[in-house]
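The values are calculated or read from the model by the stated rules, or taken from the named source; none is laboratory data. Source: prediction; values computed, not measured. Here the Cβ positions follow ideal geometry from the backbone for every residue, glycine too, while neighbour counts run over all protein chains shown.
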Amino acid sequence: MTKAVRALGAVLAVGILAAGAANATIIVQWAPMDSVIPSVGGTTTVDLVANIPEDDKILGWGLDVLVSNPSIVSMTDVTIGPMFDPFPAPDLDGLAGSVFPPTDGVWGANVLLATIEFTGLKEGSAYLFSGATPADLTEGFAKFLPVGEFADAQFMCDSTITVLPEPGSLALLMLGLLALRRR
C-alpha cells in the first residue's frame, strides 16, 4: 500500500511540476524532508518554507496539506511564520497567512510559512503533500503587485514521517528474537 501511495505522490508531483514548471517562480518545500516520531503518541514538527523572488513579493498565502495515511499521522497544530499574521482559512486547517498592515510584500529565501506539528497515531509511515487548489481564491500566493494576481508556485513537497514502535513493544520484540536465537 505504501509503495502505491508513494507512486501516486510521485505522479502527482510530476504532474504539478510539468504543469507549472515553465512559469513557476515560488518554490515551496518541507524542512526537514523526512521526520521520525519516536513512538505512538509522540510528536514532530516540520517547517513549510518558500523561496519567493523579489519580483513575486506576496501579501498573503493559503495552502492545503494532505497526509497519505491519516490513521498513522495527524496534523495537530499549526503556527504561522513570524512574517505573517494568521488568516482564517475557510477550510479550517489554519494554513493561511497575510501581511497586515500591508507592507511592500514579503520575499526572500527560506521564508517560513508555517511550522506544523504532527502526532503519531500508530506505527508506520505517511507521506506529506502540499499544494493550493486553483479554484479556491483563499489558496495560493497573493502578489503585492499587481493587486488581485497570484504568483505561480512549484511544490517540492514529497516528505515522509515515520512513527516508530512503542519502546515497550520494541523491547518485547527483541526478547522474542533473543529467545528464538537461543533455540
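State whether one or more residues within region 36-46 are of a type in the set (A, V, I, L, M), closer than 15 Å to residue 156 by Cα and touching a Leu at 6+ places or on another chain (Cβ under 8 Å).
yes
Could you say whether any residue in region 46-66 is over 17 Å from residue 28 (Cα atoms), of a type in the set (Gly, Ala, Ser) and buried (at least 18 other Cβ atoms within 10 Å of the Cβ)?
no
Could you list, in sequence order, the residues of region 140-169 that are acidic (Asp, Glu) and modelled with pLDDT under 90?
158, 166
Against the definition (under 19 Å from residue 29 (Cβ atoms), not β-branched (Val, Ile, Thr) and not in a loop (DSSP other than H, G, I, E, B)), how does residue 130 come out, yes or no?
It is true that residue 130 is under 19 Å from residue 29 (Cβ atoms), not β-branched (Val, Ile, Thr) and not in a loop (DSSP other than H, G, I, E, B).
Pairs, please: C-beta under 8 Å, at least 6 apart or cross-chain, first residue among the acidic types (Asp, Glu) and in region 58-74, second at pLDDT below 95 and part of a strand (DSSP E or B)?
Note: pairs meeting the criteria are 64/130; 64/131.
I'm trying to understand the selection: among the residues of region 78-102, which are touching a residue at least 12 places away in the same chain (Cβ under 8 Å), part of a loop (DSSP other than H, G, I, E, B) and closer than 25 Å to residue 119 by Cα?
81, 82, 84, 87, 89, 90, 91, 93, 94, 95
Has region 139-150 got at least one residue that is within 30 Å of residue 166 (Cβ to Cβ) and surrounded by 13 or more Cβ atoms within 10 Å (Cβ to Cβ)?
For region 139-150, residues within 30 Å of residue 166 (Cβ to Cβ) and surrounded by 13 or more Cβ atoms within 10 Å (Cβ to Cβ): absent.
So is residue 94 surrounded by 14 or more Cβ atoms within 10 Å (Cβ to Cβ), on the phi > 0 side of the Ramachandran plot and of a type outside the set (Lys, Arg) or not?
Spelling it out, residue 94 is indeed surrounded by 14 or more Cβ atoms within 10 Å (Cβ to Cβ), on the phi > 0 side of the Ramachandran plot and of a type outside the set (Lys, Arg).
Kindly evaluate residue 105 against the criterion of being touching a residue at least 60 places away in the same chain (Cβ under 8 Å) and either more than 30 Å from residue 40 (Cα to Cα) or surrounded by 13 or more Cβ atoms within 10 Å (Cβ to Cβ) (or both).
It is false that residue 105 is touching a residue at least 60 places away in the same chain (Cβ under 8 Å) and either more than 30 Å from residue 40 (Cα to Cα) or surrounded by 13 or more Cβ atoms within 10 Å (Cβ to Cβ) (or both).
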